[in-house]
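Let me begin by presenting the structure, written as structure tokens, before commenting on it.
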Amino acid sequence: MDRLKKKLDGGTYAKLTDNLVNDISLWDLSAEDLTMMDITEVGPRRVILNFIDRNREFAESQDENVANNDQNESLHELRAESVRSVLEKNGKFLKTLTKELGCGSVPNSKKLLQMNRILTDHFFGDMIFHRKRYPSRQEKQQLAVRILEEFPHLKSTRVSENAPAESYFFWIHGGLVTGCHTGLIETRVANMRKDVPPEDRKFRRGKKKHIVVTDDHINIAAHISALSPTPTNAKAIADGMAQVHDLHESMLQKKAESKFHNIIKTLPHFLSYEGEMILQAYNRLNEEPADGPSLNTVLRMGLLCDKTSCSEVEDDVIRGALRLLKVLSNKGVKRSSSLQNATLGELAAEPLIRWITFTETQPGFDELLAVKQSQTVSEEPHMICVAERFKKGNYYFVIDRTVVPCGNSSVRAVEIFFKSFHVFGVKVPVLLRKLDSIIATNVWRTANSSKYKAVTDLTQRFEEFLNNPET
């Protein structure tokens, strides 16, 4: 920060310090962060961002060296001081040490827990509470190994026949390829981390927004739900939906399995106006406007993924989305189909969209009713196009047999469909998660990155193309 201070005017530097930017958080700043801090002038922004780009790698390498030095020092401490000597200093455990542990006997589980607590507090307590660093996997495993080196008869505590000798005290991933580590040491360290003051924790959970639902919210929701979804009432309903936003958020925070139906029952106009109320609610839930390429652009870029798949699909936006779905393959995910006599094209498109035909057979039997009657069983959320197979038509989406009309614009229908997962608190289907991730990363910008490698790789390809369209 001192080096950067020399390059900036006093007002800009004060804005950084007022927002508690320090030598650690500086390297994570983005252009959006600077805007939030009201640093909008081109000159200071360019100075700060260039300084971060040029010096981040050096700062990170320094931090890594410090962490490695701390770890090496801790491993040296574990080797230098014997486990027995630490236990001998604890008067409450001395009897167990001399009459059981030191004589080749295995103490009961309660005494082993006591021993584990003494050792982890001694070797890792100062590290966690004063040096503000959590012990690494190697350090925890090293302590477990040291315990067995000094008391070999404790190998009999191993979790299973094929488990490592030290598994009772520490077992990497619990014997699995990935996942949480297990053992007494891991459990104790996790409990110690709970006692670290919130401001010093390495990993912090976001604070849950406190929402107060008043009688006014309930009354307004009841009033607008009684209004007919006509063009005349559109503004009154939209204004009322905005006024009961806190009520909507409070229902999203609940973990009830019937969350979706509770929201629809309380705010039924989410099903009206061809998804307009869903889009407005999504914007209220995500206050930062999207500044990425349009959804139309990203979906059409899917056409570049290959030139043959889904070629029979008439709408190029839907065709692009399906090609994205194909390239973002879900290997290892089991699939089942409810479609009868479906073609390979229909099966490929099924996780995202399905086609049904409609013929008016009697007065009052409209298209929406036909779509509702086609939903005889509850399936994963998906889109529906009412048209001949693979042709353009009117679009709908279905969540738990509830049908929402979306109009005849395919790109708008896709937008409403994927935003509805967040508005209703519904999990995105497994086969659509990568497609949802690439949209959230590139279009909505509600995520800075994706946990899926395929999405990250494709995003980089998109950025290269958008920055250099001539290539």
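Let me confirm something: among 294, 225, which residue is within 15 Å of residue 419 (Cβ to Cβ), among the hydroxyl-bearing types (Ser, Thr, Tyr) and over 22 Å from the mean Cα position of the chain (by Cα)? Write out each step before concluding.
Details: 225 fails: within 15 Å of residue 419 (Cβ to Cβ).
Sole residue among the options that is within 15 Å of residue 419 (Cβ to Cβ), among the hydroxyl-bearing types (Ser, Thr, Tyr) and over 22 Å from the mean Cα position of the chain (by Cα): 294.
Considering only residues that are open to solvent by 90 Å² or more (accessible area, probe 1.4 Å) and either in contact with an Asp or Glu (Cβ under 8 Å, 6 or more places away or on another chain) or at pLDDT 80 or above (or both), which ones fall in the range 33-53?
Within the range 33-53, just 46 meets the criteria.
If you take the residues of the range 449-466 that are of a type in the set (Lys, Arg) and assigned to a helix (DSSP H, G or I), which of them is farthest from the chain's Cα centre (by Cα)? Give the steps one after another, and end with the answer.
Going through the range 449-466, the residues of a type in the set (Lys, Arg) turn out to be 451, 453, 461.
Checking which are assigned to a helix (DSSP H, G or I) leaves us with 453, 461.
Working: 453: 14, 461: 22 Å.
For the range 449-466, the residue satisfying everything is 461.
Looking at the range 324-337, is at least one residue modelled with pLDDT under 85, β-branched (Val, Ile, Thr) and out of contact with any Leu (no Cβ under 8 Å at 6 or more places or on another chain)?
First pass over the range 324-337, keeping only residues modelled with pLDDT under 85: 329-337.
Imposing the further condition that a residue be β-branched (Val, Ile, Thr) reduces the set to 333.
Filter again for out of contact with any Leu (no Cβ under 8 Å at 6 or more places or on another chain), leaving none.
Checking the range 324-337: not a single residue is modelled with pLDDT under 85, β-branched (Val, Ile, Thr) and out of contact with any Leu (no Cβ under 8 Å at 6 or more places or on another chain).
Rundown of residues vs (1) open to solvent by 50 Å² or more (accessible area, probe 1.4 Å); (2) free of Cβ contacts under 8 Å to residues at least 60 places away in the same chain; (3) not aromatic (Phe, Trp, Tyr), yes/no style:
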position	(1), (2), (3)
223	yes, yes, yes
228	yes, yes, yes
238	no, yes, yes
258	yes, yes, yes
263	no, no, yes
280	yes, yes, yes
306	no, yes, yes
311	yes, yes, yes
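Which numbered condition trips up residue 345, out of (1) under 21 Å from residue 276 (Cβ atoms); (2) part of a helix (DSSP H, G or I)?
Tallying (1) under 21 Å from residue 276 (Cβ atoms); (2) part of a helix (DSSP H, G or I), residue 345 fails exactly one: (1).
Only one residue in 249, 274 is surrounded by 15 or more Cβ atoms within 10 Å (Cβ to Cβ) and touching a Pro at 6+ places or on another chain (Cβ under 6 Å), so which one is that? Spell out how you get there, then give the answer.
Details: 249 fails: touching a Pro at 6+ places or on another chain (Cβ under 6 Å).
Step by step, each of 249, 274 is checked, and only 274 is surrounded by 15 or more Cβ atoms within 10 Å (Cβ to Cβ) and touching a Pro at 6+ places or on another chain (Cβ under 6 Å).
If residue 243 satisfies all but one of (1) surrounded by fewer than 18 Cβ atoms within 10 Å (Cβ to Cβ); (2) within 22 Å of residue 401 (Cα to Cα), what's the number of the condition it fails?
Residue 243 satisfies all of (1) surrounded by fewer than 18 Cβ atoms within 10 Å (Cβ to Cβ); (2) within 22 Å of residue 401 (Cα to Cα) except (2).
May I ask you to list pairs of residues, at least six apart or on different chains, whose Cβ atoms are under 7 Å apart, with the first in the range 397-425 being at positive phi and the second being at pLDDT 95 or above and of a type in the set (Gly, Ala, Ser)?
Pairs that qualify, where the first residue is at positive phi and the partner is at pLDDT 95 or above and of a type in the set (Gly, Ala, Ser), are 407/413.
Please state which of the following conditions residue 211 fails to meet, knowing it meets all the rest: (1) open to solvent by 50 Å² or more (accessible area, probe 1.4 Å); (2) touching a residue at least 12 places away in the same chain (Cβ under 8 Å); (3) part of a loop (DSSP other than H, G, I, E, B).
All conditions pass for residue 211, except number (1).
Output the qualifying pairs, or none if there are none: Cβ atoms under 6 angstrom, residues six or more apart or on different chains, first residue in the range 366-377 and within 12 Å of residue 398 (Cβ to Cβ), second residue at pLDDT 85 or above and of a type in the set (Val, Ile, Thr).
371/384; 371/403; 372/403; 374/356; 375/398
Just the residues that are open to solvent by 50 Å² or more (accessible area, probe 1.4 Å) and of a type in the set (Lys, Arg), please, taken from the range 313-326.
At the first step, the residues of the range 313-326 found to be open to solvent by 50 Å² or more (accessible area, probe 1.4 Å) are 314, 326.
326 - this is the single residue of the range 313-326 that is open to solvent by 50 Å² or more (accessible area, probe 1.4 Å) and of a type in the set (Lys, Arg).
The values are calculated or read from the model by the stated rules, or taken from the named source; none is laboratory data. Since this is a predicted model, take the numbers as computed values, not measurements. All Cβ positions, glycine included, derive from the backbone under ideal geometry; neighbour counts span all protein chains shown. Note: areas computed on protein heavy atoms with side chains; ligands, DNA, RNA excluded. Shrake-Rupley method; radii C 1.70, N 1.55, O 1.52, S 1.80 Å.
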